[in-house]
Amino acid sequence: MTKQIETYIEENLSGEAKRTALELVEFLRDNELTFYKDTCDCWKDKIYYWVKLGDECVCFIVIKDLDEPDNLWTIWSDDSSAYEDASVSDKIKNVGWKYVDHCGNCGSCGGGKEKVVFGKSFPRVCGCTFRIDNASQEDLPFLKTMADLRIKELLKNDAISHYDLLIDEDNDPIHDPESLQDYMNKWDGFTFIEQMQLNSSKSVLEIGVGTGRLAIRVSPLCGEFYGVDISSKTIERAKENLAGFENVKLTCADFLSYEFGRAFDVVYSSLTFMHIEDKQRAVNKIAGLLNDAGKFVLSIDKNPSFFLDAGTRKIRIFPDTPIEMAECIRTAGLTILNQYDTEFATIFVAQKG
Ligand SMILES: C[S@@+](CC[C@H](N)C(=O)[O-])C[C@H]1O[C@@H](n2cnc3c(N)ncnc32)[C@H](O)[C@@H]1O
């Protein structure tokens, strides 16, 4: 029977190295990562593992590589743009900068390349960015952050690919038959739009505008309409669908990192918050984007599932609960004016000030 990585760790490491390696592996398994022992000619006689989320690599681990007798175990990150400007503590940054993997001319990365790591530029960095030999307990917070940043990047990419693919599959709710449009209204509908109390002087932002299912009804009711969506194909389709409205501006961006450079009278979102892991960060950002007395109108899906099952693909999501969301809204300094249920969603209407 094939041995698990934990068995190799138990058999080959001891003391702090063993404890650290086992804790890290437990953390990686808790995040649903899988371990593949490399059986190619170069690695088959070594204890060398690829650690993956789905088909994508998060990091690599080797235990007791006989070619490197000074190292009990080594972990490498995979290449990731998530390390460029991630918002992490100074302590994590300093550990990360210490472990930047400078090219050692082994031939695997062709001399390395210049990379920005946590906001600082390094020349000739190896393909994998970080290399940590003989990690100890002190290194665990960095190792977990390193894996976590990559996992989040992969999950975000999964969501983007899913919505891009929906457009390739010609899935555009604006062109749904009436029966399907009625079904989608069960997450929001006419009453949801009414909560925004719009008129021609109001500026509105929709987070996760999609192809414009709600925007097509909201933009004629307000002065300026802004929509943001993380999927480029979706936003291109929304531009086509909303081309007839002069007051509409659409941007492809991650709402959480995009700098809007202005405030809005109304911010709303429907069927999107389940893609956002850090709910409090999102609601804080929304509170900061509202003008005084501005309104936040939010629909959260009642579905408690951690996966969005789209038949050929499964996307990890972060379900919302009304209790947690009410807490986030209050913590962000907004006042909840109204909370009600539709068949498939809970709606919050909140106000700044
Ligand atoms: C289920 S669709 C809903 C679209 C639209 N709100 C509707 O109800 O018809 C979710 C949308 O949110 C977008 N999205 C997910 N995460 C996002 C983020 N962090 N920033 C901006 N858009 C995001 C997706 O690309 C997708 O178009």
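The values are calculated or read from the model by the stated rules, or taken from the named source; none is laboratory data. Since the structure is predicted, the reported quantities are computational estimates derived from the model, not experimental observations. Reconstructed Cβ throughout: ideal geometry from the backbone, glycine too, with neighbour counts over all protein chains shown.
Listing for the model above:
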| read-out | value |
| --- | --- |
| Selected residue (criterion: modelled with the lowest pLDDT) from residues of the stretch 273-286 that are in a loop (DSSP other than H, G, I, E, B) and near the ligand (Cβ under 10 Å from one of its atoms) | Glu277 |
| Among (1) in contact with a strand residue (DSSP E or B) (Cβ under 7 Å, 6 or more places away or on another chain); (2) closer than 23 Å to Leu221 by Cβ, the one test that Leu154 misses | (2) |
| Counted residues, the stretch 168-210 - those being free of Cβ contacts under 8 Å to residues at least 60 places away in the same chain and in contact with a strand residue (DSSP E or B) (Cβ under 6 Å, 6 or more places away or on another chain) | 1 |
| Residue that is among the charged types (D, E, K, R), touching a Gly at 6+ places or on another chain (Cβ under 7 Å) and surrounded by fewer than 22 Cβ atoms within 10 Å (Cβ to Cβ), where the choices are Lys186, Lys202, Lys239, Lys233 | Lys202 |
| Residues that are assigned to a helix (DSSP H, G or I) and within 18 Å of Ile207 (Cα to Cα), drawn from the stretch 287-335 | Ala287, Gly288, Leu289, Met325, Cys328, Ile329 |
| Check on Asp45, out of contact with any strand residue (DSSP E or B) (no Cβ under 8 Å at 6 or more places or on another chain) and surrounded by fewer than 16 Cβ atoms within 10 Å (Cβ to Cβ) | yes |
| Close pairs from the stretch 211-230: first at positive phi, partner away from the ligand (no atom under 12 Å from the Cβ) and among the β-branched types (Val, Ile, Thr), Cβ under 9 Å, at least 6 apart | Gly212/Val248 |
| First in the stretch 267-279 and more than 14 Å from Lys295 (Cα to Cα) and assigned by TED's automatic domain parsing to the domain that holds Leu308, second anywhere and more than 8 Å from the ligand (Cβ to nearest atom) and of a type in the set (Asp, Glu), Cβ under 8 Å, 6 or more apart | Leu271/Asp301; Phe273/Asp301; Phe273/Asp320; Met274/Asp301; Met274/Asp320; Lys279/Asp320; Lys279/Glu324 |
| Filter result (away from the ligand (no atom under 11 Å from the Cβ) and at pLDDT 95 or above) within the stretch 150-164 | Arg150 |
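Okay, residues lined up against (1) over 30 Å from Leu165 (Cβ atoms); (2) surrounded by 19 or more Cβ atoms within 10 Å (Cβ to Cβ); (3) over 22 Å from the mean Cα position of the chain (by Cα):
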residue: Lys314; (1), (2), (3): no, no, no
residue: Phe318; (1), (2), (3): no, no, no
residue: Thr321; (1), (2), (3): no, no, no
residue: Met325; (1), (2), (3): no, yes, no
residue: Gly353; (1), (2), (3): yes, no, yes
